[in-house]
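A short reminder: the numbers here are calculations on the coordinates, not readings from a lab. This structure is a prediction, so every number in the text was calculated from the model and none was measured. Glycine gets a Cβ as well: all are built from the backbone with ideal geometry, and neighbour counts include every protein chain shown.
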Amino acid sequence: MSTTIAFLGPAGTFTEAAMQRFAADLGETTPLPVGSPKEALAAVRSGDADYACVAIENSVDGPVTATFDALADGSPVQIYREVDLPVSFSILTRGKSAQEITTFSTHPVAYQQVRGWLEENLPGVEYVPAASNGAAAQAVARGEVDAAAAPARAGEVFELDALADNIADVEGATTRFVLVGPAGQPTARTGHDRTSVIFTLPNEPGSLVGALQEFAHRGVDLTRIESRPLRTVFGNYRFHADLIGHIDDQPVAEALRALWLRAEEVVFVGSWPSAAATPKAQLDLARLNQADEWVAKVRTGQ
């Protein structure tokens, strides 16, 4: 039976490339192109897709807020895998020279990554935002804009010409993509893992500091924390946090338990293998086990 994966389409996006990486381990798959990360996760929640492949963070522009909001809104979903893709762009046209280009399109995140090149090589060009890089290339093919920044594959898909290749204002730019499915048992612990949670706290002094100390006291490394408005009452926020470790690691489990006791709500978003090249240090588990043994002996009078 084929596994359906929703992704930000059309064909030719970096999300499609990430989806193909995930699909290589899933057997027979059916791609389902959609118009936004929200639509991709909605397809998982409705059962129209088994998984969604969505971008979650970029090394140049930071978090993909549309994905964070979509993860938090609706029935629980869970991250099972991640992949980091290097990102560079081709400037795609249909038979136009640089002097003939007056309109340019790409996704807003991509725009931040090629803006310097544009100012130097296509000064004064009108920017037209697109829902995806693939959609920008498609707009060039339809004659709606003169040029687009998109993956080289988009040029092949829509039969476009490359005015320039390997364009990126920041060398080594990378985007992280995640594979999201219905909430279930986390991916097995590897010892080189990432865990993510979403939580809300009481609106009172020290609540965030206290919550973060639960991780610090246990030697659990937080690698990212973002706040996003709840969109109910002005000034109220939910927090998205990533940390090193797995829910099956005792320090992580204890920190999340303590967070649950402090928070108004905690949503577990998953524990999965990290794509980072070098694991960061965690609290020595052997030392922690020795501490547990000591406590047990004290309790029993040994």
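At-a-glance table
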{"read-out": "In sequence order, calculated HN-Hα J values of segment 100-106 (Karplus, 6.51, -1.76, 1.60; Hz; x Gly/Pro)", "value": "8, 8, 10, 10, 9, 9, 5"}
{"read-out": "Label point at Ser46 placed 7 Å out along Cα→Cβ; residues across segment 1-37 whose backbone nitrogen lies under 16 Å", "value": "4-9, 32-37"}
{"read-out": "Only Lys, Arg (+1) and Asp, Glu (-1) charged, at Cβ; the chain dipole about Cα centre in debye", "value": "780"}
{"read-out": "Isotropically averaged projected area of segment 189-301, using the convex hull of Cα atoms (one quarter of hull area), nm²", "value": "8.3"}
{"read-out": "Where trypsin sites (Lys or Arg not before Pro) fall in DSSP loop in segment 132-229, at most 13 other Cβ within 10 Å", "value": "Arg142"}
{"read-out": "Estimated FRET transfer efficiency (Lys297, Asp248; beta-carbon r; R0 22 Å; 0.05)", "value": "0.35"}
{"read-out": "Karplus 3J(HN,Hα) series, Hz, for segment 171-184 with 6.51 cos²θ - 1.76 cosθ + 1.60 (x for Gly, Pro)", "value": "5, x, 4, 9, 10, 9, 10, 10, 9, 10, x, x, 4, x"}
{"read-out": "Lys, Arg +1 and Asp, Glu -1 on Cβ, resulting dipole of segment 164-224 about Cα centre, debye, nearest 20", "value": "320"}
{"read-out": "Contour minus Cα-Cα distance for Ser75 and Asn289 (0.36 nm per residue)", "value": "73.4 nm"}
{"read-out": "For segment 189-301, size of Cβ-based charge dipole, Lys and Arg +1, Asp and Glu -1, in debye", "value": "80"}
{"read-out": "Simple label model, 7 Å out from Cα along Cβ direction - Gln99 to Glu171, nm", "value": "3.2"}
{"read-out": "Efficiency of FRET between Gln20 and Asp84 - r from beta-carbon atoms, R0 25 angstrom, step 0.05", "value": "0.95"}
{"read-out": "Förster radius 51 Å - calculated FRET efficiency between Asn121 and Ala183 (Cβ-Cβ, nearest 0.05)", "value": "0.65"}
{"read-out": "Ser105 long-range amide H proximity, modeled H, under 5 Å", "value": "Val128, Ala147, Ala148, Ala149"}
{"read-out": "Kyte-Doolittle mean at least -1.0, axial Cα span of 20 Å or more - DSSP H helices of the chain", "value": "285-300"}
{"read-out": "Zero-based 10 Å bins, Cα pair distances in the chain, whole percents", "value": "6, 25, 28, 22, 12, 5, 1, 1, 0"}
{"read-out": "Label-point separation, Tyr237 to Met1 (7 Å along Cα→Cβ), nm", "value": "4.3"}
{"read-out": "Tail weight of P(r) past 24 Å, computed on alpha-carbon pairs of segment 90-246, percent", "value": "54"}
{"read-out": "Loop GluC sites (Glu not before Pro), segment 24-126, which have at most 11 other Cβ atoms in a 10 Å radius of their Cβ (DSSP)", "value": "Glu28"}
